[in-house]
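First up is the structure itself, then whatever we jot down about it.
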Amino acid sequence: MPEVRFMREALELARANIAAGGRPFGAVLVYQGQVVARGVNEIHRSQDPTTHAEMQVIRQASQALGRARLDGAQVYASGHPCPMCLAAMHLCGISQAWFAYDNDEGQPYGLSTADLYAQMTRAPQQQSLPLRAFKPDDESGLYAQWQQANDQ
């Protein structure tokens, strides 16, 4: 069951970020009932398009907990996570995530991720950023090498 205090904290972070010249996105990552990380969208400061609030809390929590897997953690986000942030949450094992504002509420302000979701569900060859396989003929064994290194 979500806890309102964590969502209120994410919303406070988002509002403070607006005041600092940023976008209305804040996030809190909770593990075992404790806030492990807090973050805001920092694109306006970093000029790095991956510094979304959810990505920031995943990075901070991974460092704080000393591991890449965050199984059992929860994320509270002020806005609906974009495809990048949602994928990152899946990859690191976030068990639950909640958001306060959905895409429809952000659309009049240019904050909708609906088009991104639609783009991401297309086949790779049909996306606006084409993704195609390309491996040199003499290339092989990269993943086997990695597996072998991990077996030792």
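The values are calculated or read from the model by the stated rules, or taken from the named source; none is laboratory data. If you're wondering where the values come from, they're calculated on a predicted model, not measured in any experiment. Positions of Cβ are generated from backbone atoms using ideal geometry, with glycine treated the same way; all protein chains shown enter the neighbour counts. For accessibility, only protein heavy atoms count, side chains too; no ligands or nucleic acids. Shrake-Rupley method; radii C 1.70, N 1.55, O 1.52, S 1.80 Å.
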Rounded to the nearest 10 degrees, the helix 4-19 long axis (Cα) sits at an angle to the longest Cα principal axis of the chain of 90 degrees
Computed over the chain: longest principal axis from alpha-carbon atoms vs helix 53-65 long axis, angle to nearest 10 degrees, is 70 degrees
Pseudo-spin-label distance residue 104 to residue 68, built 7 Å along Cα→Cβ, given in nm, is 3.8 nm
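Please find the FRET efficiency linking residue 147 to residue 60, where r is the Cβ-Cβ separation and R0 is fixed at 35 Å, and quote it to the nearest 0.05.
Working: r = 30 Å, r/R0 = 0.86.
Given R0 = 35 Å and the Cβ-Cβ separation, E is 0.70.
Just how large is the dipole of the chain about the Cα centre, in debye to the nearest 20, putting +1 at every Lys and Arg Cβ and -1 at every Asp and Glu Cβ?
Details: 12 positive and 15 negative charges, 63 e Å.
In total the dipole reaches around 300 debye.
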Asserting the computed 222 nm helical MRE of the chain (DSSP H runs at least 4 long, -39500 (n - 2.57) per run, divided by residue count, to nearest 500) equals -12000 deg cm²/dmol
Total charge of the residues flanking residue 21 in space, meaning their Cβ is under 12 Å from its Cβ, with Lys and Arg +1 and Asp and Glu -1, is +1
1/(1 + (r/R0)^6) with r = Cβ-Cβ of residue 121 and residue 50, R0 = 25 Å, i.e. FRET efficiency to nearest 0.05, evaluates to 0.75
Share of accessible surface on carbon and sulfur in the chain, whole %, 1.4 Å probe and ligands ignored, is 54 percent
For 73-81, 87-95, 136-144, ranked highest to lowest by mean beta-carbon neighbours within 10 Å, the order is 73-81, 87-95, 136-144
For the residue 1, residue 84 Cβ pair and Förster radius 22 Å, calculated FRET efficiency rounded to 0.05 is 0.20
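Mean projection of the alpha-carbon convex hull of the chain over all orientations, in nm²?
With every direction weighted equally, the projected area is 12.1 nm².
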Helix 83-92: inclination vs the chain longest Cα principal axis, degrees, rounded to 10, gives 70 degrees
Sorted on mean Cβ neighbours within 10 Å (highest first), peptides 2-15, 29-42, 58-71 come out as 29-42, 2-15, 58-71
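Which whole-number value in Å² is the accessible area per residue of segment 21-152, probe 1.4 Å?
Numbers: 8620 Å² over 132 residues.
For segment 21-152, the solvent-accessible area averages 65 Å² per residue.
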